[in-house]
Amino acid sequence: MTKSDSHQTENTPRDRSVESLEALPSDFVESLSGRVASLQQALLAWYAQQGRDLPWRQTRDPYAIWISEIMLQQTQVKTVLPYYERWLRQFPTVTALAQADQQTVLKAWEGLGYYARARNLHRAAQAIVADHGGEFPSTFDAAIALPGIGRTTAGGILSAAFNQPVAILDGNVKRVLARLIALRTPPSKALDRLWLWSERLLPTDNPRDFNQALMDLGATLCTRHRPACLLCPWQSACAAYNQNVQLEIPMTEARAPLPHKQIGVGVVWNEQGQILIDRRLQEGLLGGLWEFPGGKIEPGETVEDCIRRELQEELAIEVEVGDRLMTINHTYTHFKVTLNVFHCRHTAGEPQPIECDEVRWVEVSELEEFPFPKANSQIIDAIKAL
DNA sequence: TACCCGTGGGT
DNA sequence: TACCCAAGGGT
């Protein structure tokens, strides 16, 4: 471990040293640094007039703000709104969340995606009850120690709930700052510099409104496409605008095309008209959610062969594969799938949870009680319509 | 440090 | 269509 590593880990705020800003032309850094107070005032004035009215801004309850911050990770405001309202009615306090069972928590999260966020929220609530008397901690070190809370989320919560001067660097702020300094590399290659600017610009007297304003600027004016530079309070200082490169910044990195997997899925019926579902392992994709059993079709294998093999390997049952129920295409973050869904008749074997956490027979009317991934909702709808 | 982890909307 | 992106964190 080097000397600098010993006191700078990924999750702790960096020093506000001017040295690290030297990758930019020194005259520009000097110019921008001299305008910090002016930029702060301009943004806060704009926010007072044009800031969004969002429900989590009408409270200073750190629990409610925490919930909003987690839901908003990689998720648009419009998507979050109904989930946020429902969640606070269902789990109004840290203690209520801690005492719920995980299936109830995942059901409330169903459809939002990135389900580790819900599992971590649940674990963190239990940690807050155990270690902090049920009150969300008010220090950076305690907050960031909780599962699911990184540097940006900790800053978002502490500044919004307690008005603490802790910087943030979410997608909005990265884009705004990258344009402000005309960053010539993808933001992921310059996180240190972006963090420094976020800290440098943050006023100590009103960090709450400033962080919110910075995010609103990115979400409403400094958008990826068609940025409204003519309305921007930072227009005159913005290096990208002054060089007319705002559409090229932030720069993006090329990505490999997504692999496509063919999946065989069985809707397995027993003599009582019940259906077999299983609960996925806690770790990995869709952890803790329920699904209709199946798996990847191997090269040269028919869908029917695949379903028979997977149900034997994963659940130790034998089935007779019947008619195709439907075909579903779905895109995940790192791959695409085609779900080939077939009716199956259970013929032998007591289902065993070999490669899942739990397996059970359920009535059609019970399906909606279980949290399922979005790609399975069409299957449920089709079964209920039979 | 790359890579993993969902879903809906915009272009 | 296919791709990008949206209030990131864990490993």
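Among the residues of region A:335-386, write down those that are within 16 Å of DNA strand B (Cβ to nearest atom) and part of a helix (DSSP H, G or I). Listed by number, the residues that qualify are A:LEU367, A:GLU368, A:LYS374, A:ALA375, A:ASN376, A:SER377, A:GLN378, A:ILE379, A:ILE380, A:ASP381. Within 21 Å of the chain's Cα centre (by Cα) and within 13 Å of DNA strand C (Cβ to nearest atom): is that true of A:GLN90 in this structure? For A:GLN90, the condition - within 21 Å of the chain's Cα centre (by Cα) and within 13 Å of DNA strand C (Cβ to nearest atom) - is not met.
For region A:223-260, enumerate the residues that are within 9 Å of DNA strand C (Cβ to nearest atom), hydrophobic (A, V, I, L, M, F, W, C) and buried (at least 17 other Cβ atoms within 10 Å of the Cβ). Selection gives nothing. The requirement of being surrounded by 14 or more Cβ atoms within 10 Å (Cβ to Cβ), in the same structural domain as A:GLN272 (by TED's automatic domain parsing), among the polar types (S, T, N, Q) and more than 16 Å from DNA strand C (Cβ to nearest atom) is fulfilled somewhere in region A:335-344, by at least one residue. Any residue at all in region A:243-264 that is closer than 17 Å to A:PHE342 by Cα and more than 15 Å from DNA strand B (Cβ to nearest atom)? Checked against the condition, which is being closer than 17 Å to A:PHE342 by Cα and more than 15 Å from DNA strand B (Cβ to nearest atom), region A:243-264 yields at least one hit.
Only a single item in (1) in a loop (DSSP other than H, G, I, E, B); (2) more than 16 Å from DNA strand B (Cβ to nearest atom); (3) open to solvent by 30 Å² or more (accessible area, probe 1.4 Å) is not met by A:GLY134, and it is number (3).
For region A:78-92, the set of residues classified as surrounded by fewer than 16 Cβ atoms within 10 Å (Cβ to Cβ) and either assigned to a helix (DSSP H, G or I) or touching a Cys at 6+ places or on another chain (Cβ under 6 Å) (or both) consists of A:LYS78, A:THR79, A:LEU81, A:PRO82, A:GLU85, A:ARG86, A:ARG89, A:GLN90, listed by residue number. Among the conditions (1) surrounded by 23 or more Cβ atoms within 10 Å (Cβ to Cβ); (2) away from DNA strand C (no atom under 11 Å from the Cβ); (3) in a helix (DSSP H, G or I), A:GLY156 misses just one, which is (2).
The residue that is surrounded by the fewest Cβ atoms within 10 Å (Cβ to Cβ), counting only those in region A:110-131 that are of a type in the set (D, E, K, R) and either more than 11 Å from DNA strand C (Cβ to nearest atom) or modelled with pLDDT under 95 (or both), is A:ASP131.
Do the conditions hold for A:LYS107, that is, is it within 15 Å of the chain's Cα centre (by Cα) and either more than 15 Å from DNA strand B (Cβ to nearest atom) or not assigned by TED's automatic domain parsing to the domain that holds A:GLU291 (or both)? Against the criterion (within 15 Å of the chain's Cα centre (by Cα) and either more than 15 Å from DNA strand B (Cβ to nearest atom) or not assigned by TED's automatic domain parsing to the domain that holds A:GLU291 (or both)), A:LYS107 does not qualify.
Among the listed residues A:LEU285, A:LEU276, A:LEU281, which satisfies the condition of being in a loop (DSSP other than H, G, I, E, B), in contact with a Cys (Cβ under 9 Å, 6 or more places away or on another chain) and within 30 Å of A:VAL105 (Cα to Cα)? Give the steps one after another, and end with the answer.
Details: A:LEU285 fails: in contact with a Cys (Cβ under 9 Å, 6 or more places away or on another chain); A:LEU276 fails: in a loop (DSSP other than H, G, I, E, B).
Of the residues listed, the single one that is in a loop (DSSP other than H, G, I, E, B), in contact with a Cys (Cβ under 9 Å, 6 or more places away or on another chain) and within 30 Å of A:VAL105 (Cα to Cα) is A:LEU281.
Kindly indicate whether any position in region A:93-103 is open to solvent by less than 20 Å² (accessible area, probe 1.4 Å), touching a residue at least 12 places away in the same chain (Cβ under 8 Å), closer than 19 Å to A:ALA154 by Cα and within 14 Å of DNA strand B (Cβ to nearest atom). No, region A:93-103 has no match at all.
For A:GLU320, are the conditions met, namely being outside any helix (DSSP H, G or I), open to solvent by 70 Å² or more (accessible area, probe 1.4 Å) and either in contact with a strand residue (DSSP E or B) (Cβ under 6 Å, 6 or more places away or on another chain) or outside the structural domain of A:ASP278 (by TED's automatic domain parsing) (or both)?
Values: outside any helix (DSSP H, G or I): yes; open to solvent by 70 Å² or more (accessible area, probe 1.4 Å): yes; either in contact with a strand residue (DSSP E or B) (Cβ under 6 Å, 6 or more places away or on another chain) or outside the structural domain of A:ASP278 (by TED's automatic domain parsing) (or both): yes.
In short, yes.
The values are calculated or read from the model by the stated rules, or taken from the named source; none is laboratory data. It should be emphasised that the depicted structure is a prediction, and the values quoted were computed from it without experimental measurement. All Cβ positions, glycine included, derive from the backbone under ideal geometry; neighbour counts span all protein chains shown. Only protein heavy atoms, including side chains, enter the accessible area calculation; ligands, DNA and RNA are left aside. Shrake-Rupley method; radii C 1.70, N 1.55, O 1.52, S 1.80 Å.
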